[in-house]
Amino acid sequence: MDTGASSPLDSLTYEIPDGLMNTVGVGSCVLAPIGSRQAIGYIIGLERTSDVEKTRPIIAEIDGPVHLSSDMLDLARWISEQYICSLPRVVSAMLPGGMQYKAQAKVILTASSQTHPHLTPSETRLMQKIETMGDEPTVESLYNDDDKSSVQRLLRQLESKGAIKREWRLIAPTGKPRVMRGVRVSGKLRVESGESDISLTKKQSELLELIKGLDRDISVAELTQRYGASAAVVAALEKKGCLERTEMTFRRAPAFSKVEQVRVNLSEEQKAAVDEITRAIDSSTFNPFLLFGVTASGKTEVYLRCIERVLAMNRTSLVLLPEIALTTQVMNIFKSRFGDRVAVLHSALSAGERFDEWARIESGEARVVLGARSAVFAPLTDLGLVIVDEEHEPSYKQDNPPRYNGRDVAIRRANQAGAALVLGSATPSIETFTLARNEHYRLLTMPSRIENRPMPTVHIADLREEYSKGKLTIFSTRLEEAIKERLARGEQVMLFQNRRAYSTFLLCRDCGYVERCPNCAVSLKFHAAAKKLSCHHCDFEMPAPDKCPKCESIRIGRFGIGTERVEEEVKKTFPGARVLRMDRDTTARKGAHGSILATFRAGEADILVGTQMIAKGLDFPNVTLVGVISADTSLNLPDFRASERTYQLVSQVAGRSGRGKRPGEVVIQTFDPEQYAIKCAVTHDYTAFYEIELENRRELGYPPFGSLVNILSRDKDDNEAKVRLERLLAAIKSGKMAERMGIRILGPQQAVLSKLRGEYRWHMVLRSADRQKMLDLLNATFESSPALRRQISVDVDPISML
């Protein structure tokens with residue numbers, strides 16, 4: 001059973017008491033004891049006998065809003081094996097946030113610290129803390145800055161001495177049905193015939209006739225807001241027995257903007273793709289496709305036509321998208337086409353919205369699920385089609401345990417369900433395109449834009465030349481002139497800079513001092529609007545200094561360019577332009593993504609400045625110019641995927657230009673115009689880029705020629721972080737040589753980001769052409785050293801090596 005603990009490592013075995021024998025089964029949510037506490041868990045397997053000598057009984061079954069099917073548990077086992085993560089932790093990750101019960105302990109004093117004898121000084125201090133908090137504090141409220149394990153140990157000691165006791169209570173999920181007061185015509189009136197002797201005023205008679213005509217239960221809120229009825233009149237009809245009260249459950253749904261639906265004629269390329277995929281759907285067997293279509297080639301319409309076929313067969317569809325910003329736009333299109341049959345799942349939903357969307361999916365009311373990475377766990381049955389749009393995106397990779405790739409889990413889920421699979425991208429990952437080249441996937445190409453619109457013209461602005469001429473602004477001459485032309489013509493511009501904040505760091509020109517994060521091995525980023533320095537990793541903040549903290553010089557300057565700086569320079573250089581900025585800072589509040597995009601789409605802004613949030617999928621017909629402020633931002637990262645990321649980002653953001661009837665232009669600013677990723681992006685030549693990148697990977701044995709596992713050790717003590725990996729390396733080498741033949745081990749060595757959130761970081765990388773052999777070696781090592789496994793992080797198929 002998965003106990004749902006905060007850091008589960010192993011499943012636990014429990015006895016099912018007689019009273020629950022016929023009610024619980026695999027997937028049931030239950031309350032179970034763990035040591036001296038209680039926890040919520042899910043049953044993940046049943047056995048008639050147990051290898052455990054003494055088992056404790058389950059306390060109770062809980063009727064929670066989430067149920068785990070056998071198919072989802074099979075998927076969880078696969079994720080656990082493929083990503084070397086405990087099954088309970090995987091199951092916990094599959095459960096939607098805000099939709100689980102929690103077991104919470106209250107601490108109740110049975111004696112005071114003054115009157116109870118035999119308390120140690122530490123126990124006395126904790127008792128006094130409990131006394132001052134009053135009102136039965138929760139265990140969690142006692143932690144504060146104290147060590148969690150120490151507090152738990154002291155509580156156990158105090159409980160054994162009779163000084164306190166703990167009472168466990170169930171805390172209901174924050175996501176729950178929305179229940180409203182409603183009314184219906186009373187049963188008495190419905191069965192009566194002829195004239196009623198009940199005396200009614202004119203308003204009461206009119207309202208009663210209205211409700212009779214609706215012939216349904218109706219909420220009081222709808223009566224007052226939609227029909228202008230008075231709550232007093234409703235109450236009077238209730239009192240006279242004409243209406244009876246009822247409770248009504250209402251579904252909350254994410255707001256969307258209606259998009260006019262025009263049945264377009266498919267291009268020959270679109271029609272060929274739809275025909276191939278629908279044949280696979282009709283076969284009801286797993287068939288994988290790579291839909292390789294240039295930007296604006298009409299991939300979304302292909303998805304829609306294929307989903308129509310699935311719905312006609314009364315089956316379901318799952319569509320994954322990489323960004324919440326993209327989800328907003330696509331949701332508008334999908335809901336306009338398919339209405340209430342579409343449900344949306346992503347982290348920006350409120351707990352109530354998530355509950356209602358999940359319930360609609362589970363009941364079968366919603367047949368199409370659209371969402372970000374975690375939507376891959378939606379409770380769909382009878383899947384007919386799985387789509388992963390922008391399949392190359394690194395955001396599909398989970399960055400904490402279980403470190404699964406949403407794309408690969410979606411592939412597994414399609415295989416498991418016998419569904420057609422479509423991976424869509426204008427810039428496929430090297431691994432995916434290799435699988436298509438080797439005919440593991442069927443390759444469907446759409447090399448032309450719809451209506452034969454031309455690809456945008458791409459220009460390189462060599463920043464070396466600009467700087468040699470003394471032009472030190474962030475806009476090259478070409479980009480500045482191009483922006484002026486668009487503003488004069490009433491067309492729109494998108495400016496891309498894949499770094500938020502105002503500047504990368506503050507540097508003293510006299511002594512070279514840079515203000516760095518005390519918790520992470522990075523410089524603090526300057527935010528001009530808030531006049532603060534902040535760390536984008538741990539959220540540490542401090543006021544921005546006016547002079548150097550080290551030498552007190554006033555010559556402390558801002559270096560590097562972020563989106564906030566770009567926004568400021570745009571307003572300064574083009575004073576009449578209406579400017580929007582889209583990055584993590586401006587989209588923190590709920591609904592901000594959709595609001596910014598809707599404003600820009602409506603033509604209420606001329607220039608949109610943004611990070612990678614604006615780089616893919618967005619469709620603005622009036623955008624005829626895209627400027628890439630610095631193509632070198634991602635190119636110089638110490639990561640073997642740096643060139644691939646650069647090509648993808650530049651190509652994708654360039655694809656936002658010229659999607660309407662007017663041709664588009666792109667200006668890429670760079671200090672390295674000869675780099676192959678940038679040169680290939682200029683000519684829109686993915687194949688040429690792929691061939692060069694593939695050879696570079698082949699020489700080094702990187703994916704797709706080998707698999708990687710990145711093992712990370714973190715600790716507040718730098719040496720302990722390193723020693724932990726040395727112990728792991730020794731454990732690996734203590735096994736048979738044959739078990740690690742063909743596996744190369746690099747490290748231990750300091751991670752590129754050597755300190756994060758107050759902890760030092762060391763890593764060790766395993767590389768092999770035999771992925772399963774690596775997994776077997778690590779699993780065998782961890783089985784013999786379980787304590788070591790709990791102290792490190794394992795990332796199978798890492799997206800980033802930072």
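The values are calculated or read from the model by the stated rules, or taken from the named source; none is laboratory data. Just so we're clear, the structure is a prediction, and the values are computed from it rather than from any experiment. All Cβ positions, even for glycine, are placed from backbone atoms using ideal geometry, and neighbour counts span all protein chains on display. We work out accessible area using only protein heavy atoms, side chains counted, and drop any ligands, DNA or RNA first. Shrake-Rupley method; radii C 1.70, N 1.55, O 1.52, S 1.80 Å.
Anisotropy class assigned to segment 543-675 is oblate, per the alpha carbon gyration tensor with a/c at or over the 1.5 cut-off and a/b no larger than b/c. Overall, segment 569-680 carries a charge dipole of about 500 debye about its Cα centre when +1 sits on the Cβ of Lys and Arg and -1 on the Cβ of Asp and Glu, all other atoms neutral. Enclosing the Cα atoms of segment 615-654 in their convex hull gives a volume equal to 55 cubic angstrom per residue.
To the nearest 10, the accessible area of Thr120 is 60 Å² with a 1.4 Å probe. In this structure segment 35-190 gives 55 Å² per residue of accessible area when probed at 1.4 Å with all protein chains present. Simple point charges give the picture: +1 on the Cβ of Lys and Arg, -1 on the Cβ of Asp and Glu, and for segment 422-581 a dipole about the Cα centre of about 240 debye. When the solvent-accessible area of segment 64-152 is split by element, carbon and sulfur atoms take up 48 percent of it, the probe being 1.4 Å. Mean projection of the Cα convex hull over all viewing directions, computed for the chain: 45.8 nm².
What shape does segment 147-287 have by the C-alpha gyration tensor, where a ≥ b ≥ c are the square roots of the eigenvalues, rounded means a/c under 1.5, and otherwise prolate means a/b greater than b/c and oblate the rest? Oblate shape, in that a/c is at least 1.5 and b/c is the bigger or equal ratio. Relative to its Kirkwood radius, the Cα radius of gyration of segment 608-681 gives an Rg/Rh of 0.98. The distance from the alpha carbon centre of segment 762-802 to that of segment 224-257 is 59 Å, rounded to a whole number. What you get for the chain, charging only the Cβ of Lys and Arg (+1) and of Asp and Glu (-1), is a dipole of about 1080 debye around the Cα centre. With contributions of -39500 (n - 2.57) from each DSSP H run of at least four residues, the per-residue ellipticity at 222 nm computed over the chain stands at -10000 deg cm²/dmol. Dividing the Cα radius of gyration of segment 44-114 by 2.2 N^0.38 Å, with N the residue count, gives 1.58. Where a ≥ b ≥ c are the square roots of the eigenvalues of the C-alpha gyration tensor, would you call segment 387-531 rounded, which needs a/c under 1.5, or, failing that, prolate if a/b is larger than b/c, or oblate? Since a/c reaches 1.5 but b/c is at least a/b, the shape of segment 387-531 is classed as oblate. Annotation note: trypsin sites (Lys or Arg not before Pro) in segment 457-495 located in DSSP loop regions with a Cβ neighbour count of at most 12 within 10 Å are Lys469. Looking at the chain only, what percent of DSSP beta bridges run antiparallel? Nearest 5 please. So the antiparallel bridges amount to about 55 percent of the total.
Extension gain, Glu691-Tyr143: 0.36 nm per intervening residue step, less the Cα-Cα distance, totals 191.8 nm. The value obtained for segment 272-366, namely the Cα convex hull volume divided by the number of residues, is 115 Å³ per residue. Charges on Cβ only, +1 for Lys and Arg, -1 for Asp and Glu, centred on the Cα centroid of the chain; of Tyr702, Ala221, Ala436, which one is farthest towards the dipole's positive end? Sorting the options by dipole projection puts first Ala221. Applying the criteria of a DSSP loop state and at most 12 other Cβ atoms within 10 Å to the trypsin sites (Lys or Arg not before Pro) of segment 253-286 yields Lys258, Arg263. Each label point was placed 7 Å from the Cα along the Cα-to-Cβ direction; for Lys106 and Lys161 their separation is 2.4 nm. Note on Ser374: accessible area is roughly 60 Å² with a 1.4 Å probe, heavy atoms of protein only. Were the residues from Asp546 through Ser336 laid out at 0.36 nm apart, the gain over their Cα-Cα distance would be 70.3 nm. Atom-type composition of the exposed protein surface of segment 251-345 places 49 percent of the accessible area on carbon and sulfur (1.4 angstrom probe). Over the C-alpha atoms of segment 620-765, the Rg to Rh ratio, Rh being the Kirkwood estimate, stands at 1.13.
Values of log10 I(q)/I(0) for segment 1-137 across q = 0.09, 0.14, 0.21 Å⁻¹ run -0.38, -0.74, -1.21, by the Debye formula with one identical scatterer at each alpha carbon and no solvent. Here Lys102 is the anchor, and the lysines within straight C-alpha reach of less than 21 Å, apart from those fewer than 8 places off in the same chain, are Lys148, Lys165, Lys176.
Segment 688-800 gives an Rg/Rh value of 1.01, both radii derived from C-alpha positions and Rh following Kirkwood. For segment 244-348, the solvent-accessible area works out to 43 Å² per residue, with a probe of 1.4 Å and every protein chain left in place. Annotation for Ser283 and Ser199: the two label points, set 7 Å from Cα along the Cα-Cβ direction, are 7.9 nm apart. Taking every protein chain into account, the accessible area of segment 578-637 amounts to 35 square angstrom per residue (probe 1.4 Å).
Place a point 7 Å from Cα of Asp382 in the direction of its Cβ. Which residues in segment 274-290 have their backbone N less than 16 Å from it? Answer for segment 274-290: 281-285. Note on Arg464 and Ala231: the extension gain reaches 76.7 nm, defined as 0.36 nm multiplied by sequence separation minus the Cα-Cα distance. When only DSSP loop residues count, what trypsin sites (Lys or Arg not before Pro) in segment 679-783 have their Cβ near at most 12 other Cβ atoms within 10 Å? Listed in order of number, the matching sites are Lys716, Lys736. Counted over segment 318-456, the DSSP beta bridges are approximately 5% antiparallel. Element breakdown for segment 470-624 at a 1.4 angstrom probe: carbon and sulfur atoms account for 49% of the accessible area.
Projecting label points 7 angstrom from Cα along Cα→Cβ for Glu439 and Arg169 puts them 6.6 nm apart.
Distant-in-sequence amide contacts of Met446, defined by a placed amide H-H separation under 5 Å and a gap of 5 or more residues or a different chain, comprise Phe292, Gly293, Val294. Ordered by 1.4 Å accessible area with all protein chains kept, Val52, Val765 run largest first as Val52, Val765.
With unit charges on the beta carbons (Lys and Arg positive, Asp and Glu negative) and the dipole taken about the Cα centre of segment 255-348, which residue among Leu290, Gln329, Phe256 sits farthest to the positive side? Value: Phe256. Contact order for segment 63-129, expressed relative to its length and based on alpha carbon pairs under 8 Å spaced 6+ residues apart, stands at 29 percent. Computed over segment 710-764, the P(r) tail beyond 16 angstrom holds 42 percent of alpha carbon pairs.
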